[in-house]
Structure formats: structure tokens, C-alpha cells
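K.L.:
Dropping the structure in here first, questions after.
The values are calculated or read from the model by the stated rules, or taken from the named source; none is laboratory data. Source: prediction; values computed, not measured. Glycine also receives a Cβ, built like all others from the backbone with ideal geometry; neighbour counts cover every protein chain displayed. Note: accessible area is taken over every heavy atom of the protein model, side chains too, but ligands, DNA and RNA are not part of it. Shrake-Rupley method; radii C 1.70, N 1.55, O 1.52, S 1.80 Å.
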Amino acid sequence: MRGLRLALAALTGLFATLTLCLPASAQEWPQRTVRFLVTLGPGSGADIGARLLADRLAKRWNQSVVVENRPGGDGLIAIGAFVSAQDDHVLLFAPSSSFTAHQFMHENLPYKPEDLATIVRVSNTVIALSVPSTMPVNSVKELIATARAEPGKLNWAGITGALDFLFEAFLKTNKIEMTKVPYRNPVAAVNDLATGRVQVYRSALAIAQPQLRAGTIKALAVTNSQRTPAAPKLPTVTEEGYPELAVDGLVGLFGPPSMPMALRVRIAADVKAVLDADPLVTERLTLTGQIVNPGGPVEFGKAIEQQRATIAEAARVLGVKRKQ
């Protein structure tokens, strides 16, 4: 424990030192209202995180911070508006699943990966693998056994993106037959899971929470690399013996590629300072099914690239070629 406290103190000192070394232009930012464009709608985990930070950062920066929800289009609506703005006061607040599979899904994208300059990872979204409460399975192993015993009879709900790619690759690699039912609205997918129209769904824990509390669905595991404080009894898929299903939802801030690294480091330090100073933010994010896990622009960028590589491998397994 003492070692952990020393490590955290050293990290805090490093952020402080880097902030003091920033050029005047980075220290003077922002000069006007800052806008967070969110790829998901109100009430989502990303939206809640954006609003919690916006309120506290506004006080720290002495400028208004406005959250604008731009859901839809597989994240392209918000990303397109962000890229078009080319403004260091317009930032993208998004989970990585909103875009890491885009190059395998869409032609003529309105942006390139390098247009999203990483600033700070705020949290990891907890992804839960759930089934209807009436389904007689209580573990991932039992679910797989049921699927093998009844090939093609189980339906799984899919919302386009990284999670679908990884799950489809898992099914193909393990020669498991399930029927995909596509959805545009994740809430509708969870509701259909509760009624048994679909039997499997991987979603953000925040989206599944109402039905989990009502007892109409049950979570078998989380796909994250570690258990979540929001549901500590839920094992990870790796603990269940299926590491190929593992993925961490990465949620954070992105800026335009013209934003200097010095400014990105400063914003990351400010976000970390807010998270350290106000335990209510961590508490609220945990309740929405997120694990607070701040990381600077370089660390966040490496995590994004690792996820892109994982999805590229899933695309190879599925025989899906890069479209752009």
C-alpha cells in the first residue's frame, strides 16, 4: 500500500512539473467556451462522465464548458462535427468503441485516425456479457455449451462497432453458431434481452443496470481486464477461461491534430487533478459502470492503438478487408 501511495505521489508530481514547464500559449488556454462533443446520447456513461468533468473543469478554467450530445451514425455524426470544427476549444468525448472499427465498416469516412489526437483517458467502460434471467445458464462456459448443443438457435444482439467484431471473430474461431440480430438502439436491445427475444448481449454495464436491478436479465461476466467495484462478484471473461473475449472500453478526450502536445499534457493534468480532488466524481462514474483510470495522451494513444490492432486481427479472422 505504501508503495502504491509513493507511486501515485510521484505521478502527481510529474504532472505538476510538466504543467509548470508549459509554454505560455498552453497555460493561457482556454480563452473562450470549451465544447465537449459526445458520441452517445444523454444518460449514457460517456455523457455522465463528460458532464461531471465539464462542471468541475469550468471552475478550474474560469470558462464555460458545454456538453453537446451528437449521437447516431455509429459515432460519425459527433466525429464529423469535431473534425470539421478544427478548433482546440472543441473536443471529442467518446468511448473508443465508437470508432476503432470504422475503417473496416465504412467507406469514405469523414476523418482519418490521426485526426483524433489523444488527450486523456478518463475511464474504462465496464462491458457486461448478459443473458435473460430465465435462461438456465450461470456462466460463460455454460452459455458456450448451450450454444454448441443448439447450433443456430441462440440469438445475440449486435450494435455495430468494435464489440460486434470481436464477438463475431470469437464465434467463428470457436465454430459456434449464433444468429445476430442487429440493433440501432442499445436500450432496445437490452429490453429485448429481458423478454427473451435475444439470448446474448454484450453492452456497457450502465445500459444493462436497470434490467439487472429488475432481475429480468443476469450478467455472466465482464469483458474488462479487471473486476469492477460496481459488481465485484462478476468474474472477468479471462477468469472464466475466454481471454479472446476480453476488451476494455476506453473513454476519454480527443483534440484536433494541431493541438500542441504541451496543451494536451496540461489538459490531462487538469482532468487528473479534478478526479483526485473530488471523490464524488469517481463514485458517480463507478455507479454508472465505469472504472476511473486516468492516463495521459501518450498512454491513452498506446491503448487506442492496441485496441485497433485487436480489431484488425478480428477483421482478418472474419475476412473483412479495410475499407479505407
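K.L.:
Exposed loop sites here are GluC sites (Glu not before Pro) in DSSP loop states with at most 16 other C-beta atoms within 10 Å. What is the longest stretch of the chain lacking them?
P.N.:
Here the longest segment lacking exposed loop sites spans 1-106.
K.L.:
Tell me, what is the per residue accessible area of region 88-219 in Å², probe radius 1.4 Å?
P.N.:
40
K.L.:
I want to check a number: in the chain, how many lysine pairs have alpha carbons closer than 27 Å, given a sequence separation of 8 or more or different chains?
P.N.:
28
K.L.:
On to the next question. Under a Cβ-Cβ cut-off of 11 Å, what is the net charge of the residues other than residue 295 that fall near it, where Lys and Arg count +1 and Asp and Glu count -1?
P.N.:
Net of charged neighbours comes to +2.
K.L.:
Where the centre of each part is set by its Cα atoms, how far does region 23-97 sit from region 277-321, in angstrom?
P.N.:
Cα centres, region 23-97 to region 277-321: 17 Å.
K.L.:
Sticking with this one: Ignoring ligands, DNA and RNA, what percent of the 1.4 Å accessible area of the chain is carbon and sulfur?
P.N.:
It is 55 percent, rounded to a whole number.
K.L.:
By how many nm would the segment from residue 284 to residue 177 lengthen if fully extended, with 0.36 nm per residue of separation less the alpha-carbon distance?
P.N.:
Computed gain between residue 284 and residue 177 is 34.7 nm.
K.L.:
From the phi angles alone, apply the Karplus equation (6.51, -1.76, 1.60; θ = phi - 60°) to region 236-252 and give each ³J(HN,Hα) in whole Hz, x where the residue is Gly or Pro.
P.N.:
Result, ordered by residue: 7, 5, 5, 4, 6, x, 10, x, 5, 8, 6, 6, 9, x, 9, 10, x Hz.
K.L.:
So, one more: Note down the nm distance, to one decimal, between modelled labels 7 Å out along Cα→Cβ at residue 214 and at residue 87.
P.N.:
Modelled inter-label distance: 4.0 nm.
K.L.:
Next question, about the same structure. So how much slack lies between residue 142 and residue 64, counting 0.36 nm per residue of separation and subtracting their Cα-Cα distance, in nm?
P.N.:
Fully extending the segment from residue 142 to residue 64 adds 23.0 nm.
K.L.:
What spacing in nm lies between the two simple spin-label points modelled at residue 233 and residue 276, each 7 Å away from Cα in the Cβ direction?
P.N.:
It works out to 3.6 nm between the two label points.
K.L.:
Using the membrane-span-like helix rule (whole DSSP H runs, Cα extent along the own axis of at least 30 Å, mean Kyte-Doolittle hydropathy at least -0.5), which helices of the chain qualify?
P.N.:
The qualifying helices are 297-318.
K.L.:
Determine the shape class of region 189-324: with a ≥ b ≥ c the square roots of the Cα gyration tensor eigenvalues, call it rounded for a/c under 1.5, and otherwise prolate if a/b is greater than b/c, oblate otherwise.
P.N.:
Oblate, since a/c reaches 1.5 and b/c is not below a/b.
K.L.:
Go through region 39-101 and name the trypsin sites (Lys or Arg not before Pro) that are in a DSSP coil and have 14 or fewer other Cβ atoms within 10 Å of their Cβ.
P.N.:
none
K.L.:
Next question, about the same structure. Counting only other residues whose beta carbon sits under 13 Å from that of residue 249, what net charge do I get with K and R as +1, D and E as -1?
P.N.:
+1
K.L.:
Could you sort 213, 227 by accessible area so the largest value comes first, with the probe set to 1.4 Å?
P.N.:
Output order, biggest surface exposure first: 213, 227.
K.L.:
When the Debye formula is applied to the Cα atoms of the chain, each taken as the same point scatterer, what base-10 log of I(q)/I(0) results at q = 0.06, 0.11, 0.14 Å⁻¹?
P.N.:
Ignoring solvent entirely, the Cα scatterers give -0.21, -0.70, -1.10.
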